[in-house]
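Trainee: A single structure is presented below for examination.
The values are calculated or read from the model by the stated rules, or taken from the named source; none is laboratory data. Keep in mind the model is a prediction, meaning the values are calculated, not measured. Cβ placement follows ideal geometry from the backbone for every residue including glycine, while neighbour counts extend to all protein chains displayed.
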Amino acid sequence: MSHGGASGRSRARTVGSTVRARFARWLGVAALAVAPVLAGCVNEETEQEIGDQIAAQINTQLPLVTDPALNLYVTRVGRLIARHSDRPELHYRFYIVNSPGVNAFALPGGHIYINRGLIERTRNVSELAAVLAHEIGHVAARHGARMLERQLRTGSLISVLYRVILGGEPQILDQTALRLGSILWTASNSRKSEIEADELAVRYLIASGVDPRGIVTFLNGLLREEARNPRRNLEWFSTHPMTVDRITETNREILAELPTAPPGLARDIPSYPAFLERVRALPPPPMANPVPMP
């Protein structure tokens, strides 16, 4: 019995050593993989990897619209604009969220989400294109990646990422992606980033043959809605800082660009009313938090 017990303890130590050795090797690889992230440096390759991971996780939580015709419509409009952006090489992906909230959001790497509540408030295709162009502008200017860098430098995400390295269980990875997604989903861009995204949107829309004045008419429509019902805080304004000055600056940019723009910029197309009607006919949005906190 004593010999068997010693043998069992020896085998246990051997197995334990093997597991620890494998974990140490894995930990070394993982540490090298995320070292640039922990240092607060999110390069374009890392940005794409993080964005893809976050999107893969939150897409299982979001009430995404699965109607192929609606998704194809938004994707075609979005990719038309993305081809004329400063980062046309990215594989932009567009999603409709079945939520009444008036919001749109871009994750690093080109994942762009737009709520049905926002689409339902557009009146023509130039307003839908304006929102998509604005979010493409955020991606092109790498605003999401810079936001991640700021979070990492302040240490607010370092503990989460270290748990990924030290734990490594799939559920922790899932929680990390959801937490990162939640931070990005609810974060407000700075006024400077918003203005830059607006300026880029004007350029991209004109290059795509779309009337950029849809930006101004859409924002003015939201301001009128908020003025009619001040108690209703539109989600758009919580994540997209809005001022009258910002609309004025965007309008000034449009007026400066239009004289050299090609003639016949599209404001609307015949298929848009049917698209809007199909969006409004979707099942009622579920009552759920779009990105649950772990």
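Trainee: Six or more apart or on different chains, Cβ under 8 Å: which pairs go from a residue in the stretch 259-282 that's under 19 Å from Asp211 (Cα atoms) to one that's basic (Lys, Arg) and in a helix (DSSP H, G or I)? Could you list them?
Mentor: These pairs meet every condition: Arg267/Arg213.
Trainee: Look at the stretch 51-82 and say how many of its residues are touching a Phe, Trp or Tyr at 6+ places or on another chain (Cβ under 9 Å), farther than 16 Å from Ile119 by Cβ and part of a loop (DSSP other than H, G, I, E, B).
Mentor: 1
Trainee: So which of Pro108, Pro88, Pro100 is closer than 18 Å to Ala197 by Cβ, in contact (Cβ under 8 Å) with a residue 24 or more places away in the chain and in the same structural domain as Ile50 (by TED's automatic domain parsing)? Lay out the reasoning, then the answer.
Mentor: Numbers: Pro88 fails: in contact (Cβ under 8 Å) with a residue 24 or more places away in the chain; Pro100 fails: closer than 18 Å to Ala197 by Cβ.
Within the list Pro108, Pro88, Pro100, the selection yields Pro108.
Listed here are the residues, each with its yes/no results for (1) among the hydroxyl-bearing types (Ser, Thr, Tyr); (2) modelled with pLDDT of 95 or more; (3) within 26 Å of Leu265 (Cα to Cα).
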{"site": "Arg25", "(1), (2), (3)": "no, no, no"}
{"site": "Ala33", "(1), (2), (3)": "no, no, no"}
{"site": "Ala55", "(1), (2), (3)": "no, no, no"}
{"site": "Ser99", "(1), (2), (3)": "yes, no, no"}
{"site": "Ala104", "(1), (2), (3)": "no, no, yes"}
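Matching residues to (1) part of a loop (DSSP other than H, G, I, E, B); (2) among the hydroxyl-bearing types (Ser, Thr, Tyr):
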| position | (1), (2) |
| --- | --- |
| Arg87 | yes, no |
| Ser99 | yes, yes |
| Val102 | yes, no |
| Ala106 | no, no |
| Glu127 | no, no |
| Gly137 | no, no |
| Met147 | no, no |
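Trainee: Scanning the stretch 132-147 for residues that are in contact (Cβ under 8 Å) with a residue 60 or more places away in the chain and under 12 Å from Glu199 (Cβ atoms), which turns out surrounded by the fewest Cβ atoms within 10 Å (Cβ to Cβ)?
Mentor: Only one residue fits best here, namely Ala140.
Trainee: Any idea how many residues of the stretch 179-210 are aromatic (Phe, Trp, Tyr) and modelled with pLDDT under 90?
Mentor: Initially, the stretch 179-210 is screened for residues aromatic (Phe, Trp, Tyr), giving 185, 204.
Narrowing the set further to residues that are modelled with pLDDT under 90 leaves 185.
So the count comes out to 1.
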